[in-house]
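Read the structure below first, then the notes.
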Amino acid sequence: MEKIDKYQLISMTILFMIGSTPLYELGIGVKQDAWIVMVAGLLAGLLLLALYLYIQRNHAGMDFFQILNTHLGKLVGTVLSVCYVVYFAYESMRNTREFGDIINISFLPNTPLSLLMLVMVLLSGYAISKGVEVFFRVAEFMFPFTIFGYAALFCLIIGSNIIHLDRLLPVMEHGLVPILEQAIPEVISFPFGQIVVFLMFWSHLNEKRKMVRVSVYSYLFVGVLLLLFNVLNLAILDPSITSITTFPLLRSVRLIQIANFLERLDPVIILLIYIGIFVKMTAFYLGAVLGLAHLVRISRFKLTVFVGAAIYGMSFLAPNFIYHVWIGFAQNLKYHFPVFQICIPALLAAIIFCKSWNDKKKKRAKQPS
């Protein structure tokens, strides 16, 4: 089995969860309280992470598909495995289309969308063909540049004197209920619930005892980073403007101006977002390939080509970017993704707990009194 170390897991977790999330203003439905929605989503997502880690800790050397088959039987396990392969491939497709549309809208309007997405799929397919270990090393290599980029961006925003914290007031103007309605399940599903795919990777960690600590610390770091940019967008643009802007962070970055020299930093943020999208898209792509490998006995190269072709083909389902975003936020996050991120893992964890409790009960009964 290919092995990864804790530093590679840290890098992958952080880059994966960042993805394209900073581009959007999650929870903007409650205007200036959007940052509280992020806090609620972060805390709820932490419980979800604990659920995933509980599942993995009880099966250190197994991936998610093996765990499903072990506890749910071959028939049910296989059916759910097929569903998760489709889910992972679909998530990968969404990131592929997102990348193509963002580049197309922001920088290369005359370049065919099909070509942009093909380049993305080919790059991801090549990374996957090299295996889990190589892909995690790539993430480890890109990690310091990404963190430095976001840190520099934050410093430039501070230096530009464009932050107005009074735009965050009044706090909880309409109470707690609208905030929770925005957070559950939308903000939990994106981006926090997407970490369910790591159930395919944690079994490769060479220091299993550090899995929980590394994952939780990485999660909290990303949560604070995303919360920070959520607050910055509100404080820079004003909630009324943020709510009607397609990419609030891009608009915020365009306001940076220092000494009439540092300005128009759009390419920097697009590069940072591309790294996050590439990592997330490839992680889901790899999860689909690894899952399909449990179901059919075909070489990884053929599986990579097959899944990649499916992802590329599905990328054309949405007629335009607005429809793509609407399907994601209005349909997938509310009704579809929670099934794979919350319902099935919760059911699996309950079964594992009951079996474990029953085994302990039997052991105590066998002990002589």
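Read-outs throughout are calculated quantities, based only on the coordinates presented, and are distinct from any laboratory measurement. Here the structure is a predicted model, which means the values were calculated and not measured. Heads up, the Cβs are rebuilt from the backbone with ideal geometry, glycines too, and the neighbour counts pull from every protein chain shown.
Listed values, structure above:
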item: Principal-axis tilt of helix 64-106 within the chain, Cα atoms, nearest 10 degrees; result: 10
item: Compactness of the range 1-44 - radius of gyration and Dmax, Cα, Å; result: 14.9, 48
item: Degrees separating the helix 344-366 axis from the principal Cα axis of the chain, which is the longest one; result: 30
item: For the chain, calculated [θ]222 nm from helices alone, where every DSSP H run of n ≥ 4 adds -39500 (n - 2.57); result: -22500 deg cm²/dmol
item: √(5λ) per eigenvalue of the Cα gyration tensor, the range 224-292, largest first, Å; result: 30, 16, 10
item: Neighbour-limited loop hits for trypsin sites (Lys or Arg not before Pro), the range 2-75 (at most 14 other Cβ within 10 Å; DSSP other than H, G, I, E, B); result: Lys3
item: Gyration tensor (Cα) of the range 1-113, equivalent ellipsoid semi-axes in angstrom; result: 31, 21, 16
item: At q = 0.06 Å⁻¹, base-10 log of I(q)/I(0) for the chain (Debye sum, equal scatterers on each alpha carbon); result: -0.23
item: Low-density loop positions, trypsin sites (Lys or Arg not before Pro), the range 283-344 - DSSP coil, at most 16 other Cβ in 10 Å; result: Arg297
item: Mean Cα-pair separation over length for the chain, i.e. relative contact order, pairs under 8 Å, 6 or more apart, %; result: 39
item: Square roots of five times the Cα gyration tensor eigenvalues for the range 227-369, Å; result: 43, 25, 17
item: Degrees, to the nearest 10: 6-18 long Cα axis against longest axis of the chain; result: 50
